[in-house]
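Participant: Quick one: this structure, given as structure tokens, is what I'll be asking you about.
Throughout, read-outs are computed from the coordinates displayed, never taken from laboratory work. Please read all numbers here as calculations on a predicted model, not as lab measurements. Please note: Cβ atoms are built from the backbone with ideal geometry, for glycine as well, and neighbour counts cover all protein chains shown.
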């Protein structure tokens, strides 16, 4: 049975210098598998997705992600059962390396893991980015498990006023910028989201600035922001 969790990528491994080991799941994004795991995806984010970054460009890796995604829908109980075992094993593995463990289950998806997994591991940190606005509002309202942190992911369809409102409510909004990160955007402080992927340690009410990568460098939809 193919493993579900991986031990992170270049970005998530940056957290190890801060004492955290991130484990995550790469699914086939959007409806590539025939099942949509990114219900709130836009043209900009789907075009700029990091699904094909690094080893993701390999056909074997893409095939594995598609199979994993189909299994989530077709064998939900088996998928979740295996995931529980892998989470427990990963926690022990990180501890042996004297690292805290955290889990980002939506590396290339936007699934509501609070319904399936997070509550079963109350002492373990989970985090994700999401484009589901109603989901993010529930998080801000304190209706999420306390061990699950969300960062809202801006797209070309996100109104500036919404970004301001979410940050004013104590949420953080991830924004992709071209070439360099500004000190502020829309009057809100921008923090460096590329230093590590540990979004649950960010101070609240901030713009999480990310530099464009891969296919995002060719974006013309407005998904990538041109800093002033």
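Participant: Taking 35 Å as R0, compute the FRET efficiency from the Cβ-Cβ separation of residue 204 and residue 89 and round it to 0.05.
Facilitator: 0.60
Participant: Grab the Cα-Cα distance for residue 226 and residue 213, subtract it from 0.36 nm times how many residues apart they are, and report the gain in nm with one decimal.
Facilitator: This chain segment gains 3.3 nm when fully extended.
Participant: Further question: Using the per-residue mean of other Cβ atoms lying within 10 Å as a proxy for protection, in what order, highest first, do the peptides 1-8, 104-111, 37-44 fall?
Facilitator: Top of the packing list down: 104-111, 37-44, 1-8.
Participant: If you take every DSSP beta bridge whose two residues both sit in the chain, what share of them, in percent to the nearest 5, is antiparallel?
Facilitator: Antiparallel bridges make up about 10 percent of those DSSP assigns within the chain.
Participant: Mind checking which of 134, 217, 21 has the largest fluctuation in a GNM of the chain, springs on alpha carbons under 10 Å?
Facilitator: 134
Participant: Then there is this: Note the angle between two axes, namely the Cα long axis of helix 76-96 and the longest principal axis of the Cα atoms of the chain, as a number of degrees from 0 to 90, rounded to the nearest 10.
Facilitator: Tilt relative to the chain: about 80 degrees.
Participant: OK, next. What whole number of Å gives the distance from the Cα centroid of region 184-228 to the Cα centroid of region 128-182?
Facilitator: Centre-to-centre (Cα) distance: 11 Å.
Participant: Please find the FRET efficiency linking residue 61 to residue 138, where r is the Cβ-Cβ separation and R0 is fixed at 35 Å, and quote it to the nearest 0.05.
Facilitator: So the FRET efficiency works out to roughly 0.60.
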